[in-house]
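All remarks here apply to the structure that follows.
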Amino acid sequence: MAADHSYGIKTLKSDYKNAADNTFGLYLGAGVNLYPPGWNKHYPKSCGEPFPVYAWKDLLRKLYQANEHRPRIRFDTLAQKHEPDQDWPGLAQDVCKGMQDAEITKSLDQIIYSCMSRESKYKQSRKCFLDQAPTLHAAICFATAIKEKKPDHVKSRFQRNRRVEIVITPNYDYFFGAGWTLYEAFKKQWCHQTPYKQSARKYREQGLICSIHGYLPYDPKTDRDRKIVLTRDSYKKAYASPTVQTGGWTTYEQARSEGKFADYVLWKAINEYQLIFIGTSFIDKPLCNMLAAYKGKRRHFAIVRKSENELIERVNRLGITPVMVKEFIEVPDRLRGVYCAGLNDDDRKKAGFDKPTDYWERLWLGKTNPKS
């Protein structure tokens with residue numbers, strides 16, 4: 001019997017439509033920023049060549065090249081040693097040999113934000129970057145809602161989507177946060193938390209953006225985290241042993257003080273929210289261990305390609321419902337379909353739109369005249 005590829009999207013639409021406020025979350029993996037094959041016909045020529053964005057292996061290759069103390073062994077030889085077990089933290093350990101924490105963060109900052117001006121007065125992402133990253137753009141839209149239209153307001157105003165309370169990413173960039181500022185002021189809508197910096201919610205309406213492995217600020221004038229979770233040693237410090245029962249923490253601050261912020265965020269999110277995994281390969285062992293330990297506590301979803309049989313099997317083993325796409329270029333349409341299916345008629349009308357698709361198109365535009 002042929003597999004029912006529509007089950008995942010139907011179930012996600014139904015769950016999202018019936019969801020209460022603050023019950024959904026997004027998990028944004030490395031693939032969320034990538035330029036999808038086939039997107040070139042949609043990418044404005046006025047933006048020039050796409051900005052360089054790197055998958056995990058390519059990022060480590062660049063870091064290897066930037067390491068003045070790099071081992072004499074060629075990068076490809078090092079990669080071959082670790083690839084069979086998909087031991088990327090182990091490869092990072094070899095790549096970063098001899099580097100201090102500050103050297104690692106400085107090099108990664110230069111790699112991730114290369115060829116990109118970050119001089120915006122409002123710390124905004126460039127509109128052209130979102131034009132080349134439609135999956136990230138769609139994730140930002142999914143986490144956003146349009147405020148009720150007031151008679152004295154010509155332009156649309158935006159706020160956090162009340163159903164999406166948490167956005168988790170293991171990525172080191174700040175593209176989601178910088179991109180969201182093309183919609184509205186960031187700090188009243190989101191609270192950004194990392195393993196190394198205290199940040200408590202100041203407003204009741206704030207959602208959480210958790211950079212579980214640390215992050216590199218989009219604003220070049222902002223101090224970087226001095227450490228990030230990258231190498232095997234830093235992974236061991238960031239996560240509890242799989243044999244240790246997690247979940248004994250009561251606050252983010254307590255988990256952070258014990259050096260287990262990433263563990264706590266995953267534990268809390270997997271048990272308290274319905275997560276949509278986007279651009280995630282599920283090769284990160286701490287993530288998979290946590291999903292396996294609490295399998296079935298909540299129904300989670302992962303957007304995957306139909307052709308990725310091995311990934312689909314991995315997702316099913318972890319108890320996650322796969323949402324199928326033929327190619328990654330379809331991901332924005334999938335998110336749009338889910339969002340529009342759950343859009344409340346009253347909210348849509350208050351925002352001044354006749355159809356859910358018109359509402360989404362307005363979300364896609366962001367502010368009327370975003371800086372390009």
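Please verify whether THR321 is in contact with a His (Cβ under 9 Å, 6 or more places away or on another chain) and of a type in the set (Ser, Thr, Tyr), treating the condition exactly as stated. So THR321 fits the description; yes.
Residue by residue, here is whether (1) modelled with pLDDT of 90 or more; (2) surrounded by fewer than 15 Cβ atoms within 10 Å (Cβ to Cβ); (3) in contact with a His (Cβ under 6 Å, 6 or more places away or on another chain) holds:
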residue	(1), (2), (3)
GLN80	yes, yes, no
ASP85	no, yes, no
ARG118	no, no, no
ASP131	no, no, no
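Here TRP360 clears all of (1) in contact with a helix residue (DSSP H, G or I) (Cβ under 7 Å, 6 or more places away or on another chain); (2) surrounded by fewer than 18 Cβ atoms within 10 Å (Cβ to Cβ) except the condition numbered (2). Among the residues making up region 68-115, those that are closer than 21 Å to PRO52 by Cβ and in contact (Cβ under 8 Å) with a residue 60 or more places away in the chain are TRP88, ALA92, CYS96, ILE104, THR105, LYS106, LEU108, ASP109, ILE112, TYR113, SER114, CYS115.
Residues in region 1-8 include at least one that is at pLDDT 85 or above and outside any helix (DSSP H, G or I).
Residues checked against (1) part of a helix (DSSP H, G or I); (2) of a type outside the set (S, T, N, Q):
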{"site": "ALA19", "(1), (2)": "no, yes"}
{"site": "GLY25", "(1), (2)": "no, yes"}
{"site": "GLY31", "(1), (2)": "yes, yes"}
{"site": "PHE51", "(1), (2)": "no, yes"}
{"site": "LYS62", "(1), (2)": "yes, yes"}
{"site": "GLN65", "(1), (2)": "yes, no"}
{"site": "PRO71", "(1), (2)": "no, yes"}
{"site": "HIS82", "(1), (2)": "yes, yes"}
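Return the residues of region 182-218 that are within 17 Å of PRO170 (Cα to Cα) and assigned to a loop (DSSP other than H, G, I, E, B); say none if nothing qualifies. Result: THR194, PRO195, TYR196, LYS197, ILE212, HIS213, GLY214, TYR215, LEU216, PRO217, TYR218.
A quick yes/no check of all residues on (1) within 23 Å of GLN93 (Cα to Cα); (2) out of contact with any strand residue (DSSP E or B) (no Cβ under 8 Å at 6 or more places or on another chain); (3) modelled with pLDDT under 75:
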residue: LEU182; (1), (2), (3): no, yes, no
residue: PRO220; (1), (2), (3): no, yes, yes
residue: THR246; (1), (2), (3): no, yes, yes
residue: LYS260; (1), (2), (3): yes, yes, no
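Screening LYS188, LYS127, LYS150 for residues that are surrounded by fewer than 24 Cβ atoms within 10 Å (Cβ to Cβ) and closer than 26 Å to GLN274 by Cα leaves exactly one candidate, LYS188. Residues in region 262-311 that are without any contact (Cβ under 8 Å) to a residue 24 or more places away in the chain, assigned to a loop (DSSP other than H, G, I, E, B) and closer than 22 Å to ALA240 by Cα: GLY296 alone.
The values are calculated or read from the model by the stated rules, or taken from the named source; none is laboratory data. A quick note: this is a predicted structure, and the numbers were derived from the prediction, not measured. Methodologically, a virtual Cβ is constructed for each residue, glycine included, from the backbone with ideal geometry; neighbour enumeration extends over all protein chains shown.
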